[in-house]
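*Asks:* Quick one: this structure, given as structure tokens, is what I'll be asking you about.
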Amino acid sequence: MTASIEPTPTAAEARKTARQMRRFDNPWLNPKLFWGAGLLLGIVALGILGRIFWDPDLVFTGSAMLKLPPVGFENLRGQAGTLANPLGTDGGGRDVLALLIIGAPNSLFVGVLASLIGMGLGIFLGFTAGFVGGRTDDVIRVLSDVMITIPPLLILVVFQSAFGDVSLTMMAFLIAGFVWQSPTRLIRAQVLSMRESGYVQMARLSGASTFHIMFREMLPNLVPYLFGSFIANVTTSIVTAVGLEVLGLGPQRIPTLGRTIYEAINAGALIQNLWWWWGIPTALLAVMFIGLLLINLGLDEVSNPRLRKLS
Amino acid sequence: MGQIPASYLMNRLVTLSLTVFIAATLIWIIPRLSPVDPADIMLGRMAAGAGSVANSEEILAQLRANFGLDDPLILQYLKYLWNTLTFNFGLSTASFPTPVSSLIAAALPWTLGLMILSLVITFVIGNLLGALMVWERSPKLVKVAIPAAMVFTSIPPILSGLLLMWIFSAKLRWFPLTGAYGLTVEPGWSWDFVQSVLYHGFLPAMSIVIVTFGFWALGMRGLMITVQGEDYTKLAEAKGLKPRYILYKYMIRNAILPQITAFALKIGLLVAGQVLVERIFAYNGMGKLLYDAILDQDFPVIQGVSFVIILMTALAVFVVDLVYPLIDPRIRHERVSA
């Protein structure tokens with residue numbers, strides 16, 4: 001049977017497809033990728049421009065009146081919001097806008113740093129497992145299988161409640177110990193399948209070094225997957241960091257979004273209707289996660305052309 | 001229905017026991033690296049309660065002996081491993097002399113109940129919506145509305161929990177703000193109690209559901225696209241089977257299997273997310289127990305809770321790994337374990 005089941009496209013449909021093909025000629029020119037990156041860049045810009053145009057000293061306790069509402073709202077004491085604290089103040093008199101300016105980049109920093117370290121470890125272990133094989137492979141595979149089931153939050157809860165205050169960098173390093181597994185597994189699987197592929201055999205036959213094969217021949221093919229795994233790990237790391245902060249375990253002296261939420265819940269901000277105190281940091285975190293999700297969806301479409309047809 | 005070969009079972013068992021062993025070891029080592037002395041904390045608590053403590057040196061020595069802190073480290077470690085495996089986590093220091101295991105036993109059913117409830121709801125809704133996104137015959141609205149709702153899925157449940165709590169508990173007062181059951185009802189198998197539990201559990205469960213269903217929907221969408229192009233689907237269409245029948249029996253049935261393994265990888269994060277949801281809702285589960293223990297620096301409880309949750313996660317992954325080949329005859333164990 002040779003008859004095709006697909007209907008033959010009409011001329012108009014063919015033109016439409018051709019237009020779409022041209023527009024998405026370069027798979028990296030993906031709208032989701034753009035929007036996601038835009039949201040994250042917006043947060044970075046908030047951190048940078050905020051430090052220039054707004055007074056970061058307003059994050060200190062008692063730098064303004066307590067529990068002031070944002071501009072255009074009134075709090076329970078009947079005070080109206082003023083431009084001095086456009087997003088209101090928290091229960092300790094800290095300016096919410098300044099908290100965001102200092103806190104949001106901190107969360108992003110922890111996520112990116114932890115994920116970068118995890119990615120480095122993952123690339124190293126994945127290639128080692130795939131190339132060396134044998135015992136080494138067994139150990140790395142079992143270890144990553146084991147570590148992927150352990151929720152980082154619970155080990156880190158034990159750690160941080162034993163050690164008390166930790167710095168942001170320390171927290172990133174700790175989280176990195178739990179985000180190397182997925183890149184490791186990904187790379188190992190790909191290396192095992194690519195090892196036998198034609199172009200790698202070719203490179204080997206022409207005398208290329210193992211190093212050259214790994215990083216010049218194989219790694220470029222893995223870029224979309226690795227990038228996807230990286231973004232997913234950034235999300236996991238930020239979720240873990242925020243989780244620790246909400247349990248009151250993050251850095252104690254640096255303002256973070258999670259810690260702000262922790263203080264708001266403890267002070268009963270929900271019942272007192274101080275929505276700006278917890279709501280604005282929550283909204284900003286949500287924007288951050290949505291940005292990361294969009295990037296990840298975009299990357300999926302870059303690496304899996306079948307998904308592109310749908311959007 | 002396939003049979004589970006011994007080698008595969010062994011492989012999974014080794015992973016399970018290694019997970020438990022590594023988690024237990026980490027939980028043991030970490031507090032010992034810290035300068036904080038549990039006996040000191042206990043004494044501090046006594047001093048804070050009573051104003052002053054007579055014979056503090058003797059009490060300190062006695063406490064250290066009771067906690068076994070005078071033994072050589074290796075002996076302490078072996079004892080600890082044995083105790084942990086037998087679920088003997090010692091006594092809580094904050095609510096002394098309650099054994100940690102009984103605190104956990106009281107909290108665990110709440111956590112498990114909430115988890116199973118929210119998981120089942122999410123699994124059904126998520127997979128169905130994901131399938132509908134791909135299905136040609138689903139209404140236009142579905143194809144537009146679901147991707148929009150998907151935006152929520154990237155948000156950790158603690159944030160959605162805060163939002164739901166504010167809208168439905170603080171503002172509208174439709175649901176209670178905190179707790180797992182009403183103060184006026186007697187715990188037991190009465191209709192009042194069940195009603196109260198469901199009423200209190202609704203918001204925590206929903207805050208997990210609205211942020212996790214998209215994970216399933218997204219995965220299902222990807223799998224459905226693959227299934228859609230398969231020959232057997234086209235054959236079923238050519239045979240003139242009802243579209244709805246094809247959707248359920250041909251497409252969803254084949255696409256749903258990999259979703260179950262995806263779940264195994266995700267369960268750790270789900271559990272951690274739920275712990276935080278329980279904390280903000282002051283739900284009587286493990287999350288609240290953990291949070292209270294952190295506030296009180298109650299190490300035996302922190303360690304016990306962390307261990308039990310990790311054990312639960314590892315067991316769930318183990319079960320999924322074992323069940324998966326049974327429901328998908330296409331999986332050959334030899335290849336999985338290789």
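*Asks:* Tell me, please, whether a residue that is over 23 Å from A:ARG141 (Cα atoms) and within 11 Å of chain B (Cβ to nearest Cβ) can be found in segment A:177-186. It would help to see each step written out before you state the result.
*Replies:* First, pick out the residues of segment A:177-186 that are over 23 Å from A:ARG141 (Cα atoms): none.
No: zero hits.
*Asks:* Right, another one. Is it the case that segment A:229-245 has a residue that's surrounded by fewer than 20 Cβ atoms within 10 Å (Cβ to Cβ), of a type outside the set (A, V, I, L, M) and either modelled with pLDDT of 85 or more or more than 15 Å from A:PRO105 (Cα to Cα) (or both)? Break it down stepwise before answering.
*Replies:* Of all residues in segment A:229-245, those surrounded by fewer than 20 Cβ atoms within 10 Å (Cβ to Cβ) come to A:232.
Among the residues that remain, those that are also of a type outside the set (A, V, I, L, M) are: none.
No: segment A:229-245 contains no residue that is surrounded by fewer than 20 Cβ atoms within 10 Å (Cβ to Cβ), of a type outside the set (A, V, I, L, M) and either modelled with pLDDT of 85 or more or more than 15 Å from A:PRO105 (Cα to Cα) (or both).
*Asks:* Could you list all residues from segment B:141-197 that are surrounded by 19 or more Cβ atoms within 10 Å (Cβ to Cβ), more than 30 Å from A:GLU245 (Cβ to Cβ) and among the small types (Gly, Ala, Ser)?
*Replies:* B:SER196 - this is the single residue of segment B:141-197 that is surrounded by 19 or more Cβ atoms within 10 Å (Cβ to Cβ), more than 30 Å from A:GLU245 (Cβ to Cβ) and among the small types (Gly, Ala, Ser).
*Asks:* Being part of a helix (DSSP H, G or I) and surrounded by fewer than 17 Cβ atoms within 10 Å (Cβ to Cβ) narrows it down to one of A:ARG51, A:ARG77, so name that one. Please lay out each step first, then the result.
*Replies:* Working: A:ARG77 fails: part of a helix (DSSP H, G or I).
Going through A:ARG51, A:ARG77 in turn, just one is part of a helix (DSSP H, G or I) and surrounded by fewer than 17 Cβ atoms within 10 Å (Cβ to Cβ): A:ARG51.
*Asks:* Can you find a residue in segment A:121-142 that is in contact with a Phe, Trp or Tyr (Cβ under 7 Å, 6 or more places away or on another chain) and surrounded by fewer than 23 Cβ atoms within 10 Å (Cβ to Cβ)?
*Replies:* Here is the first cut: in segment A:121-142, the ones in contact with a Phe, Trp or Tyr (Cβ under 7 Å, 6 or more places away or on another chain) are A:121-122, A:125.
Filter again for surrounded by fewer than 23 Cβ atoms within 10 Å (Cβ to Cβ), leaving A:121.
The answer is yes, given that some residue of segment A:121-142 is in contact with a Phe, Trp or Tyr (Cβ under 7 Å, 6 or more places away or on another chain) and surrounded by fewer than 23 Cβ atoms within 10 Å (Cβ to Cβ).
*Asks:* Taking A:ILE213, is it within 13 Å of chain B (Cβ to nearest Cβ) and either under 17 Å from A:SER115 (Cβ atoms) or buried (at least 19 other Cβ atoms within 10 Å of the Cβ) (or both)?
*Replies:* Details: within 13 Å of chain B (Cβ to nearest Cβ): no; either under 17 Å from A:SER115 (Cβ atoms) or buried (at least 19 other Cβ atoms within 10 Å of the Cβ) (or both): yes.
No: the conditions fail for A:ILE213.
A quick yes/no check of all residues on (1) away from chain A (no Cβ under 14 Å); (2) in contact (Cβ under 8 Å) with a residue 12 or more places away in the chain; (3) out of contact with any Pro (no Cβ under 6 Å at 6 or more places or on another chain):
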site: B:TRP191; (1), (2), (3): yes, no, yes
site: B:LEU198; (1), (2), (3): yes, no, yes
site: B:GLY201; (1), (2), (3): yes, yes, yes
site: B:GLY222; (1), (2), (3): no, no, yes
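*Asks:* Now for a different question. Just checking, which of A:ALA104, A:ALA203, A:ALA208, A:ALA162 is in contact (Cβ under 8 Å) with a residue 24 or more places away in the chain and either away from chain B (no Cβ under 14 Å) or of a type outside the set (S, T, N, Q) (or both)? Can you show your working first?
*Replies:* Working: A:ALA203 fails: in contact (Cβ under 8 Å) with a residue 24 or more places away in the chain; A:ALA208 fails: in contact (Cβ under 8 Å) with a residue 24 or more places away in the chain; A:ALA162 fails: in contact (Cβ under 8 Å) with a residue 24 or more places away in the chain.
From the options A:ALA104, A:ALA203, A:ALA208, A:ALA162, the qualifying one is A:ALA104.
*Asks:* Would it be correct to say that A:GLY118 is modelled with pLDDT of 90 or more and away from every other protein chain (no Cβ under 14 Å)? Before you say what the answer is, go through the steps one by one.
*Replies:* Details: modelled with pLDDT of 90 or more: yes; away from every other protein chain (no Cβ under 14 Å): yes.
Yes, satisfied.
*Asks:* Using the structure shown, decide if A:ALA264 is at the interface with chain B (Cβ under 10 Å from one of its Cβ atoms), at pLDDT 80 or above and not in a loop (DSSP other than H, G, I, E, B). Explain how you work it out, then say what you get.
*Replies:* Details: at the interface with chain B (Cβ under 10 Å from one of its Cβ atoms): yes; at pLDDT 80 or above: yes; not in a loop (DSSP other than H, G, I, E, B): yes.
Answer is yes for this residue.
*Asks:* Determine which member of the set A:PHE131, A:PHE109 is in contact (Cβ under 8 Å) with a residue 40 or more places away in the chain, over 30 Å from A:VAL59 (Cα atoms), away from chain B (no Cβ under 12 Å) and of a type outside the set (Val, Ile, Thr).
*Replies:* Details: A:PHE109 fails: over 30 Å from A:VAL59 (Cα atoms).
Matching residue, one of A:PHE131, A:PHE109: A:PHE131.
*Asks:* Still on this structure, please answer the following. Taking segment B:318-333 on its own, how many of its residues are surrounded by fewer than 16 Cβ atoms within 10 Å (Cβ to Cβ) and at pLDDT 70 or above?
*Replies:* 4
*Asks:* Out of A:LEU293, A:LEU249, report the one residue that is within 12 Å of another protein chain (Cβ to nearest Cβ), surrounded by 24 or more Cβ atoms within 10 Å (Cβ to Cβ) and in a loop (DSSP other than H, G, I, E, B). Break it down stepwise before answering.
*Replies:* Working: A:LEU293 fails: in a loop (DSSP other than H, G, I, E, B).
Among A:LEU293, A:LEU249, only A:LEU249 is within 12 Å of another protein chain (Cβ to nearest Cβ), surrounded by 24 or more Cβ atoms within 10 Å (Cβ to Cβ) and in a loop (DSSP other than H, G, I, E, B).
*Asks:* Okay, moving on. Tell me, which residue of segment B:233-261 that is closer than 18 Å to B:LEU129 by Cβ and basic (Lys, Arg) is modelled with the lowest pLDDT?
*Replies:* Taking the candidates together, the pick is B:ARG253.
*Asks:* Hey, another quick one. Could you identify the single residue in A:VAL96, A:VAL110 that is farther than 30 Å from B:VAL320 by Cα and touching a Gly at 6+ places or on another chain (Cβ under 7 Å)?
*Replies:* On the way: A:VAL110 fails: touching a Gly at 6+ places or on another chain (Cβ under 7 Å).
Result: A:VAL96 is the single residue among A:VAL96, A:VAL110 that is farther than 30 Å from B:VAL320 by Cα and touching a Gly at 6+ places or on another chain (Cβ under 7 Å).
*Asks:* Let me ask you something else. Taking segment B:274-296, which residues are within 8 Å of chain A (Cβ to nearest Cβ), surrounded by fewer than 24 Cβ atoms within 10 Å (Cβ to Cβ) and in contact with a helix residue (DSSP H, G or I) (Cβ under 8 Å, 6 or more places away or on another chain)?
*Replies:* Hits for segment B:274-296 are B:TYR291, B:ILE294.
The values are calculated or read from the model by the stated rules, or taken from the named source; none is laboratory data. Everything numeric here is computed off the predicted structure, so don't read it as measured data. Every residue, glycine as well, gets a Cβ built from its backbone with ideal geometry; the counts of neighbours run over all protein chains shown.
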